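The values are calculated or read from the model by the stated rules, or taken from the named source; none is laboratory data. Small disclaimer: the values here were computed from a predicted structure and weren't measured. Cβ sites come from the backbone with ideal geometry, for glycine too, and all protein chains shown count toward neighbours. Remember, those area values only see protein heavy atoms, side chains included, never the ligands or the DNA or RNA. Shrake-Rupley method; radii C 1.70, N 1.55, O 1.52, S 1.80 Å.
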Amino acid sequence: MTESIALLGYGRFGRALSGLLVEAGVPHRVHDPRQESVPQELRVGSLAEAVSGAGLVVLAMPVGAMRAVLQELRPHLTPEQTVMDVGSVKVRPVQVMASVLGRDIPWVGTHPLFGPASLARGDRPRRTVVCPNELHPDAVRKARELFERLGCEVSEMTPDEHDTLMARTHVLTFFLAHGLMRAETGKGLPFAPPSFQPLARLVEYASTEVPHLLGVVQSENPYGRDARVGLMDALMRLHLELEAAKASEELAAPESLPTPPGLTEIRERIDAVDHELVQLLERRARLVQEAARVKAESGLPFPDAAREASLLKLRRQWASEQKVDADAVEDVFRAVLRFSRRASRD
């Protein structure tokens with residue numbers, strides 16, 4: 001591949017990617033007015049100058065900045081060029097590229113699963129995820145060829161599959177690492193057993209990573225909150241199980257208490273309501289499956305982060321009107337959304 005690359009962004013990852021491009025002999029130009037460290041031989045002064053004649057345009061910038069940059073870039077792009085992002089989430093960047101570039105300008109979402117630290121350590125294998133794109137299959141091919149030239153193993157994964165996986169790995173790693181650091185885990189210990197070493201590495205990871213990455217990783221992944229809540233729920237259940245086991249050891253088993261009058265009937269009514277809820281969940285899952293099919297036929301994103309945010313806002317409003325805890329109701333509907341997403345994949 002001899003196409004020139006326009007690298008838009010020279011932050012921590014942009015700088016690392018530029019170094020790989022130099023090592024691989026891939027010609028490229030860099031535009032990032034906020035970074036004075038861009039080498040003079042690579043620096044260009046404007047977006048238009050950066051993309052002029054470039055076969056591949058790489059967006060190495062925060063996800064929140066992509067839409068504005070793409071809208072400014074759009075008049076300078078041609079159908080012969082390919083736009084590619086390298087963000088650590090994929091649902092939102094793909095939605096942004098699809099809405100701004102559509103069918104006219106080829107685009108593809110990618111996530112290089114490495115960074116400056118892993119490159120410095122020489123970690124192998126070097127992996128990259130590329131998202132399939134039925135609108136622009138040639139863009140997928142170009143992205144794959146670039147990363148293979150940079151020594152990467154390339155896998156294809158839909159944006160939804162990618163972000164779901166990252167929520168259970170990337171998101172939780174950052175969450176645990178910073179939680180352990182704030183709890184001062186291991187601080188001041190004279191020694192640590194081998195079993196503690198993985199935790200120590202997590203604490204070191206949190207302390208050496210750029211602080212803002214915690215918020216970025218947590219906020220941009222649409223499944224991040226669900227993953228955190230699921231982990232906290234599991235930890236709380238484990239905590240309660242351990243407390244219950246401790247209590248059972250300390251106290252003799254109490255005699256069976258008599259059931260108060262009317263309690264059996266109330267429990268039966270609760271069971272009946274729960275049975276209705278399960279039936280409603282099944283109906284909702286079928287509707288979500290139907291919506292997913294219609295969206296797939298129309299080329300629309302699934303899930304739709306904006307739609308889910310609007311849905312949760314409306315459910316909170318309903319909760320307030322019924323004088324029910326809105327935070328608790330939101331937690332319930334986030335669980336319902338997780339259930340519906342799993343059902344849509346079955």
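Annotations
- The range 253-296: number of residues that are over 24 Å from ARG338 (Cα atoms) and open to solvent by 100 Å² or more (accessible area, probe 1.4 Å): 10
- Index of the failed condition, ALA16 passing every other in (1) part of a helix (DSSP H, G or I); (2) small (Gly, Ala, Ser); (3) under 28 Å from LEU300 (Cα atoms): (3)
- Within the range 148-165, residues that are on the phi < 0 side of the Ramachandran plot reach partners that are open to solvent by 60 Å² or more (accessible area, probe 1.4 Å) and assigned to a helix (DSSP H, G or I) with beta carbons closer than 8 Å, at six or more positions or on different chains, in the pairs VAL154/ARG144; VAL154/GLU148; MET157/LEU165.
- Test: residue in the range 107-116 that is open to solvent by 10 Å² or more (accessible area, probe 1.4 Å), hydroxyl-bearing (Ser, Thr, Tyr) and either assigned to a loop (DSSP other than H, G, I, E, B) or closer than 27 Å to ALA167 by Cα (or both): no
- Being open to solvent by less than 60 Å² (accessible area, probe 1.4 Å) and not charged (D, E, K, R) is a property that holds for PHE147.
- Members of the range 74-92 found to be touching a residue at least 40 places away in the same chain (Cβ under 8 Å) and part of a helix (DSSP H, G or I), listed by number: VAL91, ARG92
- Selection count, the range 295-332, where residues are small (Gly, Ala, Ser) and modelled with pLDDT of 90 or more: 5
- Output for the range 297-346, where each listed residue is open to solvent by 70 Å² or more (accessible area, probe 1.4 Å), under 26 Å from LEU135 (Cα atoms) and of a type in the set (Lys, Arg): ARG307, ARG342, ARG345
- Considering the range 216-255, and only residues there that are among the polar types (S, T, N, Q) and either touching a Gly at 6+ places or on another chain (Cβ under 8 Å) or farther than 30 Å from PRO159 by Cβ (or both), the residue that is modelled with the highest pLDDT turns out to be GLN218.
- Condition check for VAL140: aliphatic (A, V, I, L, M), within 17 Å of the chain's Cα centre (by Cα), outside any loop (DSSP other than H, G, I, E, B) and at pLDDT 95 or above: no
- Those helices (runs of 4 or more DSSP H) lying entirely in the range 238-346 with at least 3 residues over 25 Å from ASP163 (Cα atoms): 263-298, 305-321
- Helices (runs of 4 or more DSSP H) wholly inside the range 151-209 that include at least 2 residues being modelled with pLDDT under 90 and open to solvent by less than 70 Å² (accessible area, probe 1.4 Å): 172-182, 197-208
- Boolean, GLU36 is touching a strand residue (DSSP E or B) at 6+ places or on another chain (Cβ under 6 Å) and modelled with pLDDT under 95: no
- Pairs where the first residue, in the range 318-346, is on the phi < 0 side of the Ramachandran plot and the second is of a type in the set (S, T, N, Q) and open to solvent by 70 Å² or more (accessible area, probe 1.4 Å), C-beta under 7 Å, 6+ apart: ALA326/SER320; ALA343/GLN289; SER344/GLN289
- Any hit, the range 212-221, residues being open to solvent by 40 Å² or more (accessible area, probe 1.4 Å) and over 30 Å from LEU300 (Cα atoms): yes
- Test for ARG103: is it in a loop (DSSP other than H, G, I, E, B), more than 24 Å from ASP32 (Cα to Cα) and of a type in the set (D, E, K, R): yes
- Here is the figure for the range 119-128: residues that are surrounded by 14 or more Cβ atoms within 10 Å (Cβ to Cβ) and over 21 Å from GLU3 (Cα atoms) total 3.
- Pair list, Cβ under 9 Å, 6 or more apart: the range 168-186 residue touching a residue at least 60 places away in the same chain (Cβ under 8 Å), other residue part of a loop (DSSP other than H, G, I, E, B) and open to solvent by 40 Å² or more (accessible area, probe 1.4 Å): HIS170/LEU113
- Check on VAL22, open to solvent by 40 Å² or more (accessible area, probe 1.4 Å), on the phi < 0 side of the Ramachandran plot and not charged (D, E, K, R): yes
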